[in-house]
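Just below is one structure, and these are the notes that go with it.
Bear in mind these aren't lab numbers, they're just calculated from the coordinates by the rules spelled out. Computed from a predicted structure; not experimentally measured. Positions of Cβ are generated from backbone atoms using ideal geometry, with glycine treated the same way; all protein chains shown enter the neighbour counts.
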Amino acid sequence: SQLERALHSPHTTTQEAGEGGSADLSILTAAAAQLFQSTVMLDDAAVNSLLGALRDVSAKAARSMVGNGLQPGTPGQPPARLFALSRLVDVVLHNVNRMRALWELMEEHLMEVVVHENAQVRAAALEALDRAVCGGMAVCRQIEMDPSEQPFELTVLAPLDKLSSSEHEDVRQGCLRITNHMLQRSGEYLSIGWRQIIQLLTRTAGAHDQNVLVAQGFQSAQLMANDYLHIIPEDTLGLCVHMVAAFGAQKTDMNISLTAIGLMWNMADFFGRTINSLMKREPSSSEGGKADETKSAEELIVLEKEGAKDLEKAG
């Protein structure tokens, strides 16, 4: 078959393949993609065995990159030998009907690799996690609810909360980058997960002397304030106000502070225009919610305007 010829072609192992080698590689790539897409037809035992094998191959590749001469802080493209890491995510995303059952194994491995000493390996893990979080969030409403487990939406977002306090700055930056990508691509699918994202960004605003982190976090905060206020649950809007105020109060970047003040005035105008619909909006119903954090629409307007005025005076 064409796949067998590609597998045995010498061009598949060289970087300087000719036109024939490129054609063979295209065939191989297409066949591989089709192979992992077809895992939806396998039974649970077979899929779990495949995931276990991919995890083992990925872990072995990561171990081979310990002390191999690459500097831990050297940026670069994710090494080709870590292909199994990406394929692991492919299998989970293709199997929407059993994603909840497969997610734990994938997440566990990604969280192991993302703390690797080699920056290239960490970058590959972050790229894979980016695809997993964005893909998982896009289909989370299709996942069957299980009363005995936490909502799948929170399961998808859990790695971001864990990585936000990583000892590696590139991982913390990657966490915020993934958060922003997720909001851009799948923000409309969020419901109870807003609280978790807002709390993560509020902590980021307090990252003293971390210009890059604060700037990255503010990109997501700005996106939420501009595009998503109409779908954020009412009992979480108060937290959103405090999040924007935290970026307004930070001293790392004056431009961000000024922009945050403008956002707060815009948010106050939004609350004023939509006060009737806000009163009817459903709460997030998250177990971690606290009654005293719930704000009525009128309270939000007052909170916004007073907060913006205080920040202007402080500036």
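Measuring between their Cα centroids, the stretch 136-200 and the stretch 201-256 lie 16 Å from each other.
Loop-resident GluC sites (Glu not before Pro) (DSSP state other than H, G, I, E or B) in the stretch 140-188 with no more than 12 further Cβ atoms inside 10 Å of their Cβ: GLU144, GLU149, GLU167. Radius of gyration over Kirkwood radius for the stretch 199-275, both on Cα atoms: the Rg/Rh ratio is 0.96. Within the stretch 96-175, none of the trypsin sites (Lys or Arg not before Pro) combine a DSSP coil assignment with at most 16 other C-beta atoms in a 10 angstrom radius.
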